[in-house]
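For reference, the structure discussed in these notes is given below.
The values are calculated or read from the model by the stated rules, or taken from the named source; none is laboratory data. Quick caveat: nothing in here was measured; it's all calculated off a predicted structure. Glycine gets a Cβ as well: all are built from the backbone with ideal geometry, and neighbour counts include every protein chain shown.
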Amino acid sequence: MSKNRIVIEPGTTAGNYWKDLWTYRGLFYFLAWRDILVRYKQTFVGIAWSVLRPLLAIAAFSFIGWMFETNAQGTPRVLLVAAAVLPWQFFSSAFSEMSNSLIANANLVSKIYFPRLIVPASTVIVCLVDFFISLLIIVALMIAYGHPISINILFFPLFLALAVVAASGIGIYMAALNVKYRDFKYVVPFLIQLGYFISPLMYSSQDIYGNARIPEWLQYLYSLNPMVGIIDGFRWSLLGNNMIIHWTPFCISVGISFLFVIIGVVYFRKMEKQFADVI
Amino acid sequence: MSQTVIKVESLGKSYLLRHQQGAAYSTFRESLTEVFRRKEGGSSLETFWALKDVSFDVKQGDRIGIIGRNGAGKSTLLKMLSRIVVPTKGRITIDGRVASLLEVGTGFHPELSGRENIFLNGAILGMSRNEIRSKFDEIVAFAEVDKFLDTPVKRYSSGMYVRLAFAVAAHLEPEILIVDEVLAVGDAEFQKKCLGKMKDVSGQGRTVLFVSHNMAAIQNLCDTAIFLQQGQIQMSGEAPKVVAAYLRSASESAAINIADRTDRSGNQVLKFQSVALQDESGKALTSFQCGKKVVMSIRFKNNSGSPLRNLNIAVGIDDEYGQRVGFMSNDLTDQVFNAEPAQERVEISIPKFPFRQGIYTFSLYAKVNGEVADWVREAGTIDVEAGDFYGTGKLPPDGQGQFLFDHSFSIK
């Protein structure tokens with residue numbers, strides 16, 4: 001009997017929270033499955049959407065990059081842009097959907113107990129599926145341009161994992177904030193919009209680090225954006241050694257990503273107890 | 001012997017009430033301005049105890065009904081037992097696997113098919129995939145939706161939807177089951193089936209906590225009951241006794257209090273205090289069916305200290321558009337009386353209430369010795385439901401008049 005003993009008290013931070021998270025992995029799986037089913041229920045529209053969006057973005061950003069003659073690092077510009085747009089779109093959709101996830105599942109949160117982290121976590125899965133579908137674009141483009149795959153591709157999963165970490169940290173944080181303060185839903189689209197310009201989508205990090213006009217402190221400020229290191233990494237692993245990873249900024253990106261995960265989870269756990277009261 | 005599976009010790013839950021905004025959540029902007037407002041003094045927060053100092057024990061296999069009026073704290077209690085909200089005070093110790101059913105169809109997604117929703121809802125209620133798979137056929141049979149398994153539930157009728165949702169929940173097999181008012185859904189036949197299922201569940205030695213407004217269901221299902229009032233335990237014990245106490249308190253509060261109304265005229269030698277609508281057995285009603293016998297019990301206060309001579313009491317009934325539709329008076333029936341100082345209640349008996357379904361308001365009027373003593377307009381409302389006036393199960397079609405009266409036909 002006592003193996004299932006639960007004590008509910010004010011202020012208890014359930015010691016078995018992480019164990020609970022494991023117990024409820026079935027729910028995690030089902031929520032992810034539900035979101036995927038719903039997204040692709042109308043199969044054609046669902047898949048077309050996850051291809052069309054990045055495709056349009058690639059076309060537009062390539063044009064802008066070409067117009068401003070940003071550094072293409074000796075690679076077809078379209079490939080360079082595609083290798084950045086895909087992880088960026090994953091990041092932005094994961095970030096915004098996680099931020100909104102608790103509100104969207106308010107009926108679950110107010111009627112059922114489960115570790116709430118499951119909700120934002122399961123939304124990442126849909127975004128990942130979307131991302132894998134959109135990968136077809138870059139595969140097609142690389143074939144079209146006859147661009148060889150390098151050994152660097154082995155590191156691709158690592159950079160993808162980093163993108164997941166970066167999106168999760170800030171997404172979890174925003175999800176919790178969104179429950180408490182509803183006006184944060186206006187902040188998320190703004191941050192994403194900002195991200196389009198401060199992330200190396202239309203240009204490459206070479207344009208920043210190699211530019212004498214840009215003072216060093218501004219270059220560091222630029223590196224604080226976790227997507228900078230991650231996008232550089234994607235380009236390097238997909239397009240090969242022509243791409244340069246700047247290690248110091250890369251480490252800053254990684255550090256910031258993990259810092260956000262810690263802050264996000266701590267804040268989330270702190271707020272979690274009030275979710276059902278407030279939502 | 002059976003052991004204690006749930007121990008609740010001086011449990012309390014408080015909420016901060018914000019006096020201006022209704023919503024519990026706030027905006028960041030408000031929080032910022034709040035900081036400055038507080039500095040000016042006069043914060044608008046008030047603590048409200050939804051549940052206060054509640055303690056009880058539940059033994060294994062107990063079937064406990066929790067009753068009380070809306071806002072008494074029942075749902076808050078269940079939510080704390082289900083770990084959805086965290087208590088402000090006290091402690092709950094639970095031994096065993098808990099499943100709570102606070103709403104049927106939680107997490108149902110309209111775009112998904114019946115089959116998919118069974119799995120999803122099962123997972124949400126805490127069933128493993130294998131558990132759901134092994135019970136799948138049983139669930140489908142119980143819900144009677146086998147033909148529509150692959151149809152999105154958004155195309156289901158509301159009856160089918162509820163049946164499916166309850167079927168999943170009914171096949172949970174936890175050690176402790178917490179149920180909130182789910183039987184209030186579906187048609188009568190399905191409700192009966194649900195009650196049967198619930199009985200089966202509790203028959204297997206499981207512990208059941210059950211919240212309902214349906215007193216028959218409580219008495220049918222539960223051995224013991226807890227009566228909550230304003231966040232505190234008013235009474236607990238054997239179900240029939242607690243239910244009786246609850247019903248008594250409910251009928252007391254069903255009376256419409258008009259003693260404090262100031263919008264009245266007259267010399268106030270007599271002052272109306274309250275009005276209750278009762279059925280034949282004297283039980284207070286909040287609504288009743290047309291065609292039923294209704295007793296209007298009017299309490300008054302004699303302010304003169306002496307008998308009230310030629311007391312004439314009248315009641316006017318208006319429909320929802322303010323149109324006078326009926327009038328009752330003891331002058332019409334030649335029953336004008338003299339009231340002794342000890343007498344304080346008038347009963348008007350209406351053998352077959354004639355008005356059709358709707359909400360009516362009534363006004364009270366009293367004349368003592370030819371002078372207006374008290375007059376309260378729109379003293380209260382009468383909620384009338386459709387009823388079998390003629391005893392034939394038939395009612396006139398809509399648009400065929402506002403009231404019903406006895407009549408008979410013969411052919412010559």
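Listed values, structure above:
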item: Set B:Lys59, B:Lys79: member being crowded, with 20+ Cβ neighbours inside 10 Å and modelled with pLDDT of 85 or more; result: B:Lys79
item: Candidates A:Phe155, A:Phe114, filtered to the one that is aromatic (Phe, Trp, Tyr) and more than 14 Å from chain B (Cβ to nearest Cβ); result: A:Phe155
item: Test: residue in segment B:139-162 that is over 25 Å from B:Glu189 (Cα atoms) and aliphatic (A, V, I, L, M); result: no
item: Pair list, Cβ < 8 Å and 6+ apart or interchain, from segment A:183-206 residues that are without any contact (Cβ under 8 Å) to a residue 60 or more places away in the chain and more than 19 Å from A:Ala94 (Cβ to Cβ) to residues that are of a type in the set (D, E, K, R) and buried (at least 19 other Cβ atoms within 10 Å of the Cβ); result: A:Ser205/A:Asp232
item: Selection count where residues are within 7 Å of chain A (Cβ to nearest Cβ) and closer than 23 Å to A:Arg269 by Cα, scope segment B:80-106; result: 13
item: Test result for B:Thr286, surrounded by 15 or more Cβ atoms within 10 Å (Cβ to Cβ) and either farther than 30 Å from B:Ser14 by Cβ or touching a residue at least 12 places away in the same chain (Cβ under 8 Å) (or both); result: no
item: Failed item in (1) closer than 17 Å to B:Met328 by Cβ; (2) of a type in the set (Phe, Trp, Tyr); (3) touching an Asp or Glu at 6+ places or on another chain (Cβ under 9 Å), with B:Phe405 passing the rest; result: (3)
item: Complete set of residues in segment A:189-217 that are modelled with pLDDT of 90 or more, of a type outside the set (Phe, Trp, Tyr) and part of a helix (DSSP H, G or I); result: A:Pro189, A:Leu191, A:Ile192, A:Gln193, A:Leu194, A:Gly195, A:Ile198
item: Residues being more than 8 Å from every other protein chain (Cβ to nearest Cβ) and either among the hydroxyl-bearing types (Ser, Thr, Tyr) or crowded, with 16+ Cβ neighbours inside 10 Å (or both) - total across segment B:128-151; result: 13
item: Selected residue [surrounded by fewer than 17 Cβ atoms within 10 Å (Cβ to Cβ) and either closer than 24 Å to B:Phe119 by Cα or at pLDDT below 80 (or both)] from A:Arg34, A:Arg39, A:Arg25; result: A:Arg25
item: Residue, farthest from B:Arg377 (Cα to Cα), within segment B:302-316, restricted to residues that are surrounded by fewer than 16 Cβ atoms within 10 Å (Cβ to Cβ) and in contact with a strand residue (DSSP E or B) (Cβ under 7 Å, 6 or more places away or on another chain); result: B:Pro307
item: Segment A:22-40 residues that are acidic (Asp, Glu), paired with ones that are buried (at least 19 other Cβ atoms within 10 Å of the Cβ) (beta carbon under 9 Å, 6 or more apart); result: A:Asp35/A:Glu97; A:Asp35/A:Ser122; A:Asp35/A:Thr123; A:Asp35/A:Val126
item: Whichever residue in segment B:240-252 is touching a residue at least 40 places away in the same chain (Cβ under 8 Å) and surrounded by fewer than 22 Cβ atoms within 10 Å (Cβ to Cβ) and, among such residues, is nearest to B:Ser14 (Cα to Cα); result: B:Ala250
item: Options A:Leu108, A:Leu31, A:Leu21: the member that is assigned to a helix (DSSP H, G or I), in contact with a Pro (Cβ under 7 Å, 6 or more places away or on another chain) and within 26 Å of A:Ala276 (Cβ to Cβ); result: A:Leu21
item: Segments classed as strands (runs of 3 or more DSSP E), wholly inside segment B:314-412, with at least 1 members that are among the hydroxyl-bearing types (Ser, Thr, Tyr) and at pLDDT below 85; result: B:371-385
item: Members of segment B:110-126 found to be within 7 Å of another protein chain (Cβ to nearest Cβ) and either surrounded by fewer than 19 Cβ atoms within 10 Å (Cβ to Cβ) or among the aliphatic types (A, V, I, L, M) (or both), listed by number; result: B:Glu111, B:Leu112, B:Leu120, B:Ala123, B:Ile124
item: Residue in segment A:144-158 that is among the aliphatic types (A, V, I, L, M), crowded, with 22+ Cβ neighbours inside 10 Å and free of Cβ contacts under 8 Å to residues at least 12 places away in the same chain present; result: no
item: Among (1) farther than 14 Å from A:Phe90 by Cα; (2) at pLDDT 90 or above, the one test that A:Gly146 misses; result: (2)
